[in-house]
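Working notes for the structure below.
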Amino acid sequence: SVRKGSILGLLGPNGSGKSTTLKMIAGLSRMSSGTISVCGSKIGMETKKLVAYLPEVDSIYPWMTVKQAIEFVSTFYSDWDYRKTNELLVFLKLEEGDVIKKLSKGTRAKLKILLTLSREAPLLLLDEPLSGIDYPTRAKIIEAIVSQYREDDQTVILSTHEVPDSEAIFDEVVFLEKGGVRLSGRADDLRTDHGKSIAELMKEVYPV
């Protein structure tokens, strides 16, 4: 259960079930058991309208320009906010005429976050948005998430291995292991109870 209006960090080692969980919530993978509901509705066509999903895999057509990618993706969603798109283009320093296949990994990551945050969906699912990119780009993406996040009526679930860079924005945290919950709670409570940062606690939960 995720509290409405919160940012939840979904943490765990590779194979713990983070991406699978997000795909099931997004309606892209079938559950072998149990149920999931989004805003009170079972997973289906209607819930897909409520979810903006950023996959870990880069699925943007490489031959498109940044502008073409925005025009293409925006046609799928009635909740697209072009004002936010324009703000993010400037904030993330993206050039509309740039061809995607010529962009660096960090710049493609910025474009992916723009394509997700430009929607007014009540639930954002972000799967490893910071993976494999340099610190300045990670910081810029975190700042973009915070600046566009609507605290009153939007919920974010963010899966990441880059915990030191992102834990400051977490309201709640869930540690997964082999498809189950190993530890969960409000981020501030976990820090207080264990006397550790979330990054330090993660090392304790998953010792090498």
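The values are calculated or read from the model by the stated rules, or taken from the named source; none is laboratory data. Everything numeric here is computed off the predicted structure, so don't read it as measured data. Neighbour counts run over all protein chains shown; Cβ positions are idealised from the backbone, glycine included. What goes into the accessible areas is simple: the full protein's heavy atoms, side chains included, and nothing from ligands, DNA or RNA. Shrake-Rupley method; radii C 1.70, N 1.55, O 1.52, S 1.80 Å.
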Legend entry - Nonlocal amide H pairs with V51, under 5 Å, H built at 1.01 Å: none
Inset, instruction - Report, by chain and number, residues whose modeled amide H sits under 5 Å from the one on L183, excluding near sequence neighbours (fewer than 5 apart, same chain). - result: F175
Inset, instruction - Estimate the FRET efficiency between K196 and T75 by the formula 1/(1 + (r/R0)^6), using the beta-carbon distance for r and 45 Å for R0, to the nearest 0.05. - result: 0.45
Inset, instruction - Scan (i) 61, 39, 27; (ii) 88, 37, 35; (iii) 49, 38, 31 for the value of Cα extents along the principal axes in Å calculated from this model and give just the label. - result: (iii)
Inset, instruction - Tally up the carbon and sulfur contribution to the accessible surface of the chain as a whole percent, 1.4 Å probe, everything protein left in place. - result: 50 percent
Inset, instruction - Quote to one decimal, in nm, the extra length available between N86 and S32 on full extension: 0.36 nm per residue of separation minus the C-alpha distance between them. - result: 15.4 nm
Inset, instruction - Just flag the trypsin sites (Lys or Arg not before Pro) in the range 106-208 sitting in loop per DSSP whose Cβ has no more than 16 other Cβ atoms within 10 Å. - result: R150, K178, K196
Inset, instruction - Run the 1.4 Å probe and let me know the accessible area of V99, rounded to the nearest 10 Å². - result: 40 Å²
Legend entry - Separation of alpha-carbon centers, the range 59-117 and the range 154-208, rounded to whole Å: 30 Å
Legend entry - R0 of 25 Å, Cβ-Cβ distance V99-V57: FRET efficiency to nearest 0.05: 0.80
Inset, instruction - Please compute the net charge surrounding V173, taking Lys and Arg as +1 and Asp and Glu as -1 over other residues with Cβ under 15 Å from its Cβ. - result: -4
Legend entry - Segment S184-S6, extension gain: residue separation times 0.36 nm, minus the distance between their alpha carbons: 62.7 nm
Legend entry - the chain - mean residue ellipticity at 222 nm from DSSP helices (-39,500 (n - 2.57) per run, n ≥ 4, rounded to 500): -10500 deg cm²/dmol
Inset, instruction - Would you pull out the residues with amide H under 5 Å of S29's amide H, same chain only if 5 or more places away, H placed 1.01 Å from N? - result: M24
Legend entry - Solvent exposure of the chain as accessible area per residue, Å², 1.4 Å probe: 53 Å²
Legend entry - Unsatisfied cross-links (Cα-Cα over 22 Å) in the set K67/K101; K93/K140; K23/K203; K23/K84; K18/K112: K23/K203; K23/K84
